[in-house]
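Contents: one structure, followed by commentary.
Just so it is clear, none of the values below were taken in a lab; they were calculated from the coordinates. Computed from a prediction, not measured in an experiment: that's the story for all the values here. Counting neighbours? That spans all protein chains shown, and the Cβs are built from the backbone with ideal geometry, glycine included.
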Ligand SMILES: [Cu+2]
């Protein structure tokens, strides 16, 4: 048993989102969390999550695709995300001596921890498990801290991909990007500053500035990590060509067809070059392009869609495991260090952690979505 178990404190719901006043528009855009959320009374933040489950995962929570949620469920989720920005950070101490990362609120915690660990959690054998753990803790925080009753949803981009029509913007014309029942749309178009280099200059980027509509505009939502001036707006820079190509159902199938974990992980993440499509890259660059947070490896959690995208990645991971669960609950491999294929490999005892958000767990624990630690499934 881990030592953190005894130190854990169970949080009760601390943040009650009050219903919009009579006559208010249904639009999330018109809502101001400052006015309508009860200031989420902060209890002493707990450094660690509640104890692990008592052993059996009897009623796994079901994670669903965004469009399978009712409009009320969609709104509950988005309200809970906004609520995180009104809760005090629990990682302040962890970053006390790090002048680059100043988490202010509970949303920033995840962004800051991801930023710090970026060199150690991408293009490694524990990439999928680390992000699985992050999604789990984000979901748990939405529920425990912000009173969210549902499960973490995902965005299945492959439902909308048109790889043969890859400049079409229809992939963004869904409830996921709706200003009223989704995450809002593109950023305002801005010219690319000359000094910005990257592989996507010629791919038809279309935004780059602050998001214009939906719930995550200023002043309702701020990005407080990884910004030159401390705090900024959420930016998006839709790049349909890359999203269509990477979100192609054939790409998903290619990942699912891999015979062992090491091959699965390589196919999932692709390479650091973007010449070859990879499903993980699509959600990032299709939304963040060159100037949006989603396209920045370290700072992509500044984009609320990051969690929808990475839960989709986890869904693919889960689906791959389900094809041969008996073996795949213990199949792991891939490098300990960034791109160090051929070097030391991770094992089931390898540990991952989320800094001050959550304690170390082993990959053995992370591989099981219906075990002692995680208890969820997908539909
Ligand atoms: Cu990441």
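How large is the direction-averaged shadow of the alpha-carbon convex hull of the stretch 93-235, in nm²? Walk me through the numbers before you get to the answer.
On the way: hull surface 44.4 nm².
Here the figure is 11.1 nm², rounded to one decimal.
Our compactness index for the stretch 242-319, the C-alpha radius of gyration over the empirical 2.2 N^0.38 Å, is 1.04.
Taking a quarter of the surface of the Cα convex hull of the stretch 89-158, what do you get in nm²? Mind dumping the intermediate values first?
Values: hull surface 23.8 nm².
Taking a quarter of the hull surface, the average projection is 6.0 nm².
What is the percent of Cα-Cα separations in the stretch 194-262 that go past 19 Å?
Details: 1345 of 2346 pairs.
Roughly 57 percent, rounded to a whole number.
Using the Cβ-Cβ distance between residue 325 and residue 70 with R0 set to 30 Å, the FRET efficiency works out to roughly 0.45. Binning the alpha carbon pair distances of the stretch 170-213 at 10 angstrom intervals from zero yields the distribution 25, 45, 25, 5, expressed in whole percent.
Please work out whether the stretch 248-379 counts as rounded, prolate or oblate from its C-alpha gyration tensor, where a ≥ b ≥ c are the square roots of the eigenvalues and a/c under 1.5 means rounded, while otherwise a/b larger than b/c means prolate and anything else oblate?
Working: a/c = 1.38, a/b = 1.26, b/c = 1.10.
Here the stretch 248-379 falls in the rounded category.
Using the Cα coordinates of the stretch 294-346, the gyration tensor eigenvalues translate into equivalent-ellipsoid semi-axes of 25, 20, 6 Å, sorted from longest to shortest.
Compare the peptides 113-125, 209-221, 76-88 by average per-residue count of other Cβ atoms within 10 angstrom and give them in order, highest first.
On the way: 113-125: 20.3, 209-221: 18.7, 76-88: 21.8.
Most protected by this proxy first, the peptides run 76-88, 113-125, 209-221.
For the stretch 85-133 versus the stretch 228-270, the spacing of their alpha-carbon centroids is 21 Å. The stretch 339-379 and the stretch 165-217 have Cα centres spaced 33 Å apart.
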